[in-house]
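The values are calculated or read from the model by the stated rules, or taken from the named source; none is laboratory data. The structure displayed is predicted, hence computed values, not measured ones. With ideal geometry, Cβ positions are generated from the backbone for all residues, glycine too; neighbour counts draw on all protein chains shown. Surface accessibility is based on the protein's heavy atoms, side chains included, excluding ligands, DNA and RNA. Shrake-Rupley method; radii C 1.70, N 1.55, O 1.52, S 1.80 Å.
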Amino acid sequence: MSRSVRVHLPGHLRELARTGAGEVEIQVEEPATVARVLDEVEARWPVLRGTVRDPFTGERRAYIRYFACGEDISHESPEDALPQEVVEGREPLRVVGAISGG
Amino acid sequence: MAVRLLVGTKKGLFIFRSDDGRDDWSLEAPHFGGWEVMHAKGSPVDPRRVWVSQWTDWHGQVVQRSTDGGRSFEAVGNEFGYRGETGTHQWYDGTPHPWEFKRVWHLEPSRHDAEVVFAGVEDAALFRSDDGGATWGELDGLRTHATGESWAPGAGGLCLHTILLDPADPDLVYVAISAAGAFRSVDGGASWTVATGGLHSEYLPDPEATVGHCVHNLAMHPSRPRTLFMQKHWDVCRSDDGGDHWTEVSGDLPSDFGFPVGVHPHEPETIYVIPIKSDLEHYPPEGKLRVYRSRTGGGDWEALTRGLPQSGCYQNVLRDALSLDTLDPCGVYFGTTGGHVYASVDDGDSWRALATHLPRIQSIEVQVVP
């Protein structure tokens, strides 16, 4: 069964992929995980490949963090199931750039 | 004819355009706002083609390509995978450090084929695309050179920042790497020879070492592919044998520290540098922004000051931020870390500011286009 997951992308990436303002919605097969959500995001917008995860290792880039339901899940396994609120579309998965402006 | 100026900054790409009179310039709204544009350059074969290296710490490397002269862009390939085992180079403290791709410093379109473009990257390696930037393959003969393990980064990282291509011979390629040195290939980049003979760098344990020289920039006149000019981390030098032997030509410069060096398009012995006070004080001596021109291939230098600030200037000009057009008299353009773009349309005799409030300028490339 697939689920519709909301994803909040950083402004730089929304502009790069021309997704428009606001969140994007992605259809993901259960169990919905960070890895599956990002696989789908990259499949739909290939220009985002490499901008969140390393294109070769698949690891999260150093200046990127993942949040769900107000919790930082960056350091959990990307294969872990996302919280039910995210799976059911009540909360977004947030992909956030670290505070490192300049 | 028109003149197009591509200005890569800390926060986006700015494009200036003029007719060939170069009096009246238009400035377009920035492309890729908020992203650092390391470098942008048009193809000499098809000037409608422009490649851009776009980067941030957050999202890494993106390469953009235009096929309409910079009016619109599309993202192309951004996968720069080192070939084979990557091994290590030296870290700042001399310990081994694994090779890690960070970003593209310089994009050099082929002088022969509109589909071919080279990319110089950090950590230092040379890549080539044969499909307009869609895919990239490493020319790994450079990174795996016998000296590679001993290369160490400069302050900006271990970056391959300069690529020179011979318009007559596609197999002749020069590159420069901070802080490894200069290298020459005569087989299109497959194999490489160190091109640092005669260089002397006091900051090295062995000042005459083969590698370790912090070459800041190289320049070459297209009609003389064996004559190279170098701005080093101290010393302006020239070689007339493709880098086998260098001689210092700093002459009467007020400081021989600096970043860019350029060659006049019609006078192979006329060269330009922009001296900076020292390795620690990256601003012009005495707060006077002066371009220096030598009409003798180095040694004797004249200060070009008309129209440039002669007090209170404490900005730097980075290695890729000087460019010369091919008109007669030639235009000379440079950008500062304070966001000023200066232009001369009389070989450097006089200058005017085209912009004074841009973000920190990383690179400038000018091109005369149909």
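Projecting the Cα atoms of B:L13, B:H264, B:W234 onto the charge dipole of the protein assembly as shown (Cβ charges, centred on the Cα centre) puts B:L13 farthest toward the positive pole.
Ranking B:H340, B:V317, B:W105 by how far each Cα lies toward the positive end of the dipole of chain B (charges on Cβ) leaves B:H340 at the top. For segment A:2-97, the per residue solvent-accessible surface stands at 51 Å², with DNA, RNA and ligands left out and a 1.4 Å probe. Placing +1 on the Cβ of every Lys and Arg and -1 on the Cβ of every Asp and Glu, with no other charges, gives segment B:210-270 a dipole of roughly 220 debye about its Cα centre. Shape class for segment B:2-369: rounded, because the ratio a/c of the largest to smallest gyration tensor axis (alpha-carbon atoms, square roots of eigenvalues) is under 1.5. Could you tell me the total accessible area buried at the B-A interface, probe 1.4 Å, in square angstrom to the nearest hundred? Chains B and A together bury roughly 1500 Å² of accessible area.
Ellipticity at 222 nm from helices only: DSSP H runs of n ≥ 4 in the protein assembly as shown, each -39500 (n - 2.57), divided by the residue count, give -1000 deg cm²/dmol.
Protection proxy ranking of A:52-59, B:251-258, B:215-222, by the mean of other Cβ atoms within 10 Å over each peptide's residues and highest first, is B:215-222, B:251-258, A:52-59. Between B:I276, B:T356, B:V211, the Cα set farthest toward the positive side of the dipole of segment B:2-369 (charges on each charged residue's Cβ, about the Cα centre) is that of B:T356. Surface composition of segment B:2-369: carbon and sulfur atoms hold 48% of the protein heavy-atom accessible area at a 1.4 Å probe. Lysine pair count for segment B:2-369 (Cα-Cα distance under 19 Å; residues 8 or more apart in sequence or on different chains): 6.
Given +1 at the Cβ of Lys and Arg, -1 at the Cβ of Asp and Glu and no other charges, the dipole of the protein assembly as shown around its Cα centre is 1100 debye to the nearest 20. Only Lys, Arg, Asp and Glu carry charge here, each on its Cβ (+1 for the first two, -1 for the last two); on that basis chain B has a dipole of about 960 debye about its Cα centre.
Rounded if a/c is under 1.5, else prolate if a/b beats b/c, else oblate: with a ≥ b ≥ c from the C-alpha gyration tensor eigenvalues square-rooted, which is chain A? Taking the square roots of the gyration eigenvalues as a ≥ b ≥ c, chain A is rounded.
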